[in-house]
1. Percent antiparallel among DSSP beta bridges with both residues in the chain, to the nearest 5?
2. Mind giving me the nanometre distance, one decimal, between the label points for Ile72 and Ser89, set 7 Å out from Cα along Cα→Cβ?
3. Using a Förster radius of 22 Å, what is the FRET efficiency between Trp276 and Ala225 based on their Cβ-Cβ separation? Nearest 0.05, please.
4. Can you tell me the orientation of helix 252-261 relative to the chain, as the angle in degrees between its alpha-carbon axis and the longest Cα principal axis, to the nearest 10?
5. If I fit a long axis through the Cα atoms of helix 218-230 and take the longest principal axis of the Cα atoms of the chain, what angle between them do I get, 0 to 90°, rounded to 10?
6. Roughly speaking, what is the centre-to-centre gap between the stretch 67-123 and the stretch 184-242 when only Cα atoms are used, to the nearest Å?
7. With angles folded into 0 to 90 degrees, how steeply does helix 283-299 sit against the dominant principal axis of the chain? Use alpha carbons for both and round to 10.
8. Between Ser314 and Thr287, how high is the FRET efficiency from 1/(1 + (r/R0)^6) when r is the Cβ-Cβ distance and R₀ = 51 Å? Nearest 0.05.
Amino acid sequence: MAETSQTIGETSPGQTLEQLQAGAAGFSCVICGQPLRSEPAIRLVKSQLNACEACGSWTYLPRRSSSEQAAIHDTEEYFDHPYFALRRSVSPALIRRCRDIFGRLEQSTDIAALRGQRLLDVGCDTGGFLQAARQEFGIVPVGVDAASRSVEAMQRQGIEAHLGSIERAPSHLIDFPVITAIDLIEHVSDPAGFLREIRERLRPGGVVYLETPNIQSAVYRVGCALNRLTHGRPEGLFERLFPPQHVQYFTMTSLAGLARTAGFEVVQIQNRVLPWGDIAASMPVRTAMSAMQLLDRGLGARILIWAVLKRPASGAGRG
Ligand SMILES: [Zn+2]
């Protein structure tokens, strides 16, 4: 057993899974800082997810540095993942998704007043959402992404895009009325630092829109039970359900708690289903997921958490 408490980020690349599991009790939750359970919630081939005793979130071990995390997002294999294929062209489904997001922003934001203003999408991929938002709502698109292929694709279309993390983005990317970070916070190595950085780049009274998976939904509950039953086999299934790019999983409560700690007012936090057309998987998997999403509706724990977080109008910001 580890004799001293380890903090996040102290796992070393050479550490075996057995050593990691023996010491997992000493790790802290990346979201709330409280101890993680020593028994993994999910066993993967070279890694595991451990649940937090306090907030119920899951933290991926071993932790990667932000540069290691950036590197696994800048590969051809990841760029060509089927997930993205559904989100790269400005299709009717993408327009609908964009309108839904702006509809959720209406409670906190004058949507008509966004026309002609810059909107920053962090984790913008090749800019499908930004292009839909420009077409539908007249925003001026600005993107940040960790994948060079994505940023180059944006730039070829004449859209302002920057390679890297939001923490390292150019200093002129400030004073936004709206920032979006869709399916992103589960990918970043320091989610608290990420939210603080977003807050600083919003204008006072501005909002960020987030989406992230909900581990209290049936797909993850069933995945967790199956993983325990089979000790993580078949490995391919669990690598698909818990891809190595996702380094923390949230509950609605833990996301709201992290947002408040980072200085946000939580305007709205809810969950939604993933529509049939947005599930990038084979027909049997889509069917199984859709069945589980019926359960989610009944339990009120749908597969995607969405949140609108506001930077308080009186808050101090970056120069
Ligand atoms: Zn926690």
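1. Given both bridge residues lie in the chain, the antiparallel proportion sits at roughly 55 percent.
2. 3.1
3. The formula returns an efficiency of 0.35 here.
4. Taking Cα atoms only, the helix is inclined about 70 degrees.
5. In the chain, helix 218-230 runs at an angle near 20 degrees to the longest axis.
6. Between the Cα centre of the stretch 67-123 and that of the stretch 184-242, the gap is 16 Å.
7. 90
8. Computed FRET efficiency for Ser314 and Thr287 comes out at 0.55.
Taken together, the values in this text are just the output of simple stated rules run on the coordinates, not laboratory data. Nothing here was measured: the structure is a model prediction, and the numbers come from that model. FYI the Cβ positions are ideal-geometry reconstructions off the backbone, even for glycines, and counts take in every protein chain you see.
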